[in-house]
1. Could you tell me which of the residues 133, 184 is within 22 Å of residue 47 (Cα to Cα), loosely packed, with under 14 Cβ neighbours inside 10 Å and of a type in the set (Lys, Arg)?
2. In the list 106, 146, which residue meets the criterion of being in contact with a helix residue (DSSP H, G or I) (Cβ under 8 Å, 6 or more places away or on another chain) and in contact (Cβ under 8 Å) with a residue 40 or more places away in the chain?
3. Please indicate, with yes or no, whether at least one residue in the range 87-103 is surrounded by fewer than 12 Cβ atoms within 10 Å (Cβ to Cβ), of a type in the set (D, E, K, R) and free of Cβ contacts under 8 Å to residues at least 12 places away in the same chain.
4. Which number in (1) farther than 30 Å from residue 210 by Cβ; (2) open to solvent by 50 Å² or more (accessible area, probe 1.4 Å); (3) out of contact with any Asp or Glu (no Cβ under 9 Å at 6 or more places or on another chain) marks the one condition that residue 57 misses?
5. Return only the number of the condition from (1) open to solvent by 20 Å² or more (accessible area, probe 1.4 Å); (2) within 25 Å of residue 187 (Cβ to Cβ); (3) touching a residue at least 40 places away in the same chain (Cβ under 8 Å) that residue 168 does not satisfy.
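The values are calculated or read from the model by the stated rules, or taken from the named source; none is laboratory data. Here the structure is a predicted model, which is why all the values come from computation and not from measurement. FYI the Cβ positions are ideal-geometry reconstructions off the backbone, even for glycines, and counts take in every protein chain you see. When the accessible area is computed, the model is the full protein with side chains, heavy atoms only, and any ligands, DNA or RNA have been set aside. Shrake-Rupley method; radii C 1.70, N 1.55, O 1.52, S 1.80 Å.
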Amino acid sequence: MQTFTMVLQEIWTSLFMWFFYALIPCLLTDEVDILPAPQNLSVLSTNMKHLLMWSPVTVPGETVYYSVEYQGEYESLYTSHIWIPSSWCSLTEGPECDVTDDITATVPYNLRVRATLGSQTSAWSILKHPFNRNSTILTPPGMEITKDGFHLVIELEDLGPQFEFLVAYWRREPGAEEHVKMVRSGGIPVHLETMEPGAAYCVKAQTFVKAIGRYSAFSQTECVEVQGEAIPLVLALFAFVGFMLILVVVPLFVWKMGRLLQYSCCPVVVLPDTLKITNSPQKLISCRREEVDACATAVMSPEELLRAWIS
């Protein structure tokens, strides 16, 4: 009987201890694990824009916020307990986070996210495979081909400071040589070629990211054609009229300037009538040599000469 009592006490003690140990986790459970953790983490990366995405945590009637942290290669190797908060995703509402500014090197990055609701927080969910930006998808650039007179001009899509563009262009004819030009930035018009009248020129482009050493595929080829018309007839007519005007106006202008210079430098002086000689010098001598003695020689005074000149 005593043995049976001792066995019964041990059974009750065991049941009590089992119940106690089973109840303790429920009593001591912290509120941080009440919320479910975000699931299905993935990174969508296109043209060096990196977007971390996950399935949202749904709580009816409540707004759940999310926080994102990351580890670079150094942290994951040497300080694995240190995680760095994302620049733009601290208590964000949407189930996505742009981590482009956080991914600054071409090395593997660990990413994790957790949900927050008031004072409650979920456990961290970690991206299954580390993300490296060299896996980004590079798309062909958008481009606009125009002609400015006889100039072939291209304007490329501005994808950011990390992007350069390799542009190939050629004259559309059999055996034409393909030319290549590196464009350092997008968003600005760039002159490619001076085109010939009546010819068609084709262009294609691809992106290049030096940080990861990768090219995109080439864009669709676009071609433009220059009309083969000669100088329009109206323009030729205006040119002819202008040339004829130059032939007429320039000589007239030169002649007029010559006349002005002549009158300015060498003016014509008009003599008074009293100083003009109207008769032949021989007629002034009315006396022949044999009649010299008979001629009366008159000497006039200065006053008489002045009076005669004035009259």
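1. Unique residue meeting the criteria: 184.
2. Answer to the selection: 106.
3. Narrowing the range 87-103 to residues surrounded by fewer than 12 Cβ atoms within 10 Å (Cβ to Cβ): 91, 93-94, 101.
Filter again for of a type in the set (D, E, K, R), leaving 93, 101.
Checking the rest, the ones that are also free of Cβ contacts under 8 Å to residues at least 12 places away in the same chain come to none.
No, that holds for no residue.
4. Condition (2) is where residue 57 drops out.
5. Tallying (1) open to solvent by 20 Å² or more (accessible area, probe 1.4 Å); (2) within 25 Å of residue 187 (Cβ to Cβ); (3) touching a residue at least 40 places away in the same chain (Cβ under 8 Å), residue 168 fails exactly one: (1).
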